[in-house]
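The values are calculated or read from the model by the stated rules, or taken from the named source; none is laboratory data. A quick note: this is a predicted structure, and the numbers were derived from the prediction, not measured. Glycine gets a Cβ as well: all are built from the backbone with ideal geometry, and neighbour counts include every protein chain shown. For the accessible areas, the whole protein counts, side chains as well, though only heavy atoms, and no ligand, DNA or RNA atoms are used. Shrake-Rupley method; radii C 1.70, N 1.55, O 1.52, S 1.80 Å.
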Amino acid sequence: LREPAERGGRCGGALPPVRPCGDPARGLGKFRERAGANLAPLLREELWPFIAYYDDLKRRAGRLDFLDLLLLARNLVRDHPAIRTALQDRFSHIFVDEFQDTDPVQWEILFFLCGEDGGGEWFQRKLRPGQLFLVADPKQSIYRFSRADIEMYCRVREVIGEQFPGNV
């Protein structure tokens, strides 16, 4: 894969070839690692104009997508203490199944709803004991395409484990 020179290629040439190995899945995995490491930053910059166009289309049509809904919900519970308190009072327990397939915005929402007020980042909030119940199996994480991130899942698990040793 090469980025065309006329577009000011930043990739520096071709990706290293993936050599065949005994296990095709292993070869595919190596290709994904190499391609992802090189292409993701390039695609991110290249896609910004399309993202802006898509956002403008949604705005003009008065529509929201799933990520918009998550961000608005997160902003609501993060930025409005009265609304956060009302939701905390209404829901004494929150149960999340398949937690390994949730994304960072959903984690923020959970920590704002189940955490004590005190400022700071969402992961710095002290969770109220017994309010948040999570079920997860990281080996079954299948939603990377929708921003589920197994490394962040492990970090959230660490944060919870630091607050409640023995409960994770």
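Could you list, in sequence order, all residues of segment 42-71 that are within 18 Å of the chain's Cα centre (by Cα) and not hydrophobic (A, V, I, L, M, F, W, C)?
ARG44, ASP65, ASP68
Would you list the helices (runs of 4 or more DSSP H) that sit entirely within segment 52-117 and hold 2 or more residues that are open to solvent by 30 Å² or more (accessible area, probe 1.4 Å), among the small types (Gly, Ala, Ser) and farther than 22 Å from GLU151 by Cβ?
Filter on segment 52-117 gives 81-90.
Give the residue, chosen from PRO49, PRO129, that is under 19 Å from GLU162 (Cα atoms) and either modelled with pLDDT of 85 or more or open to solvent by 80 Å² or more (accessible area, probe 1.4 Å) (or both).
Of PRO49, PRO129, the one residue that is under 19 Å from GLU162 (Cα atoms) and either modelled with pLDDT of 85 or more or open to solvent by 80 Å² or more (accessible area, probe 1.4 Å) (or both) is PRO129.
Which numbered condition trips up LEU42, out of (1) touching a Lys or Arg at 6+ places or on another chain (Cβ under 9 Å); (2) in a helix (DSSP H, G or I); (3) modelled with pLDDT of 75 or more; (4) within 30 Å of PHE123 (Cα to Cα)?
Among (1) touching a Lys or Arg at 6+ places or on another chain (Cβ under 9 Å); (2) in a helix (DSSP H, G or I); (3) modelled with pLDDT of 75 or more; (4) within 30 Å of PHE123 (Cα to Cα), the lone unmet condition for LEU42 is (3).
Go through segment 74-129 and count every residue that is among the β-branched types (Val, Ile, Thr) and touching a Ser or Thr at 6+ places or on another chain (Cβ under 8 Å).
1
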